[in-house]
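Scroll down for the structure; my scribbles are underneath it.
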Amino acid sequence: MGLKMGGEAVRSEAFFMHCHPMKLKGTNLLNICSEYVFINVRGKLKPFRLKRGTGDILGVTVQSPPNFTQHVREQSLVTDQLSRRLVRTYQLYSRTSGKHVQILDNKKINAMAEDGDAHAKLIVETDTFGSRVRIKGAETGFYICMNKKGKLIGKSNGKGKDCVFTEIVLENNYTALQNAKYEGWYMAFTRKGRPRKGSKTRQHQREVHFMKRLPKGHQTTEPHRRFEFLNYPFNRRSKRTRNSSPKPSP
């Protein structure tokens, strides 16, 4: 339990007496069972009595620990304007059609592209650290978005929330893409590669399952360069150091 006394943080010892269930107002501590608490102040244990129904402990303020899960949930709902964008390039393989998702020049989207097709190459940009991304066609520059009817459309401007998708990794190692604006609506394609309305999709359906694949000829890393030694000329200091080095005894 973190405590503050007179603006100065002090560390409490776990010595509690006269157990009485109570809750401090304004804190997340639910099961405080104590009437007295002994606090280590400059090496000495001093008793403080807890007041019921208030957050005051004779000038001592109880601080609840930070809730990291709540912080991630809140920050994932808004676009991160400060962090550096992570950009990846890959293809989306549809489980049902057996082909790849592509964005055509007329802004239409389907899952009929062959492996290595130029329109199947997608640029994926991170929106937040909560697995939210924007998907853009490398050939056309159009973003994959979803309108209010659940139809997949292409847009030149992908700043809207309807163009943001949340990546969900499933137990079968496939990835589902849920729209950030319309929760519960997923990107999906039929066996013929036609887009399916998001309002008719569920996470367990095969139509919403995708697999990330690198385009043909795309290297994961740059080729390694050979390590080369560079011979620099000696300067005055290096010559002096070299000449002043002790010679081995005969």
- [ ] Work out how far the C-alpha atoms of the stretch 87-213 reach from end to end along every principal axis, then list the three figures in whole Å, largest first.
- [x] 30, 30, 27
- [ ] Tell me which residues come under 5 Å, amide H to amide H, from ILE153 once H is placed; ignore anything under 5 positions away on its chain.
- [x] CYS145, MET146, ASN147
- [ ] Sort the following peptides by mean Cβ neighbour count (other Cβ atoms within 10 Å, averaged over residues), highest first: 184-196, 86-98.
- [x] 184-196, 86-98
Task: Size of electric dipole in the stretch 165-211: Cβ of Lys, Arg +1 and of Asp, Glu -1, about Cα centre, debye, nearest 20 - done: 420 debye
TODO: Calculate the dipole size of the stretch 87-213 relative to its Cα centre from +1 charges on Lys and Arg beta carbons and -1 charges on Asp and Glu beta carbons; express the result in debye to the nearest 20.
DONE: 540 debye
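Read-outs throughout are calculated quantities, based only on the coordinates presented, and are distinct from any laboratory measurement. Note that the structure is a prediction, hence the values are computed from the model and not measured. Note that each Cβ is placed from the backbone with ideal geometry, even for glycine, and that neighbours are counted across all protein chains shown.
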